[in-house]
Amino acid sequence: MQGMTARTVADREQNVIRHCRASPNCLARSIQEASGDPFERVVQARGPIQPGDRLFRAGDPFDMLYWIRSGTIKTETTTREGRLQVTGFFFAGDLIGGDCIGRETYSCDGIALETTSLCAIPAEELTRLCCANERLQSTIMQRLGQRLHADRMGWMLTRNERAELRVRHFLSDLMNRRGEPSTDTGRKLDLPMTKGDMANYLGLAPESLSRVLKKLEADGLIRNGKRMFEVLQPESLFDPVEL
């Protein structure tokens, strides 16, 4: 910051916000407004980090919360049996690290699946700001609640529903979170994750996922590509009545 003029700092702040895919729901901006300090004194820009880079590892000291400006982060952990388990996918606008509040360390690894840029704020600073600002506290609690609800629904889905419903629900959620606008032929979904990661997250064997995708394609609901889907009937993808 030394040697930078106020205008330069303001320009950099606006540049971050302007290129932020999450800007309509930007928590980093809410935090800056609550603190009253310049953006870069409160929120730290991170990245871009490249595919395969780790944002944090399980057991690292929990010191930062992150918001994704662009890109995708996968979280995974190692089970007691030594098996890797994918626990979540985080996209632009998502909060990462909220599950570690009250803990001393991160509970999982955070790994970039594509070129990813983030905003970071020290956990202690966020706690201080929330104590001093009820509006910010409410916003943070709302975001944490949304994430906990999504995680709980995902947990229930992978344990209580048959394979086809798991896949339909996952694709429907992915379409809502990062799908491209509809066209005459449907909606395109680029997959930042591998289908192996997708199967792992859904609690399915890769062969089971492949069978479900072939069925959905045969039913005319999707067009299945290597790292993409085209959802041909978005309104029918997740229809509990049909299932």
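Any read-out appearing in this document is the output of simple, stated calculations on the displayed coordinates, not a laboratory observation. Everything numeric here is computed off the predicted structure, so don't read it as measured data. Cβ atoms come from the backbone with ideal geometry, glycine included; neighbour counts cover every protein chain shown.
Values for this structure:
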{"item": "Efficiency of FRET from Cβ geometry, Glu207 and Glu230, R₀ 25 Å, rounded to 0.05", "result": "0.65"}
{"item": "Counted charge near Gly225, where neighbours are those whose Cβ lies closer than 12 Å (Asp, Glu -1; Lys, Arg +1)", "result": "+2"}
{"item": "Relative packing of 196-207, 113-124, which averages over residues the other C-beta atoms within 10 Å, highest first", "result": "113-124, 196-207"}
{"item": "Rounded FRET efficiency, nearest 0.05, which uses the C-beta distance separating Asp53 from Asn176 and R0 of 25 Å", "result": "0.40"}
{"item": "Ascending count of other beta-carbon atoms within 10 Å, so fewest first, for Arg54, Arg80", "result": "Arg80, Arg54"}
{"item": "Length released on extending from Thr78 to Arg135, taking residue separation times 0.36 nm less the Cα-Cα span", "result": "16.8 nm"}
{"item": "Per-peptide average of other Cβ atoms within 10 Å, ordering 63-76, 88-101, 221-234 highest first", "result": "63-76, 88-101, 221-234"}
{"item": "Vicinal HN-Hα couplings computed from phi for the range 53-63 (Karplus, 6.51 cos²θ - 1.76 cosθ + 1.60; Hz; Gly/Pro x)", "result": "5, 9, 6, 7, 10, 4, x, 5, x, 7, 10"}
{"item": "Rg/Rh (Cα only; Kirkwood hydrodynamic radius) as it applies to the range 161-237", "result": "0.92"}
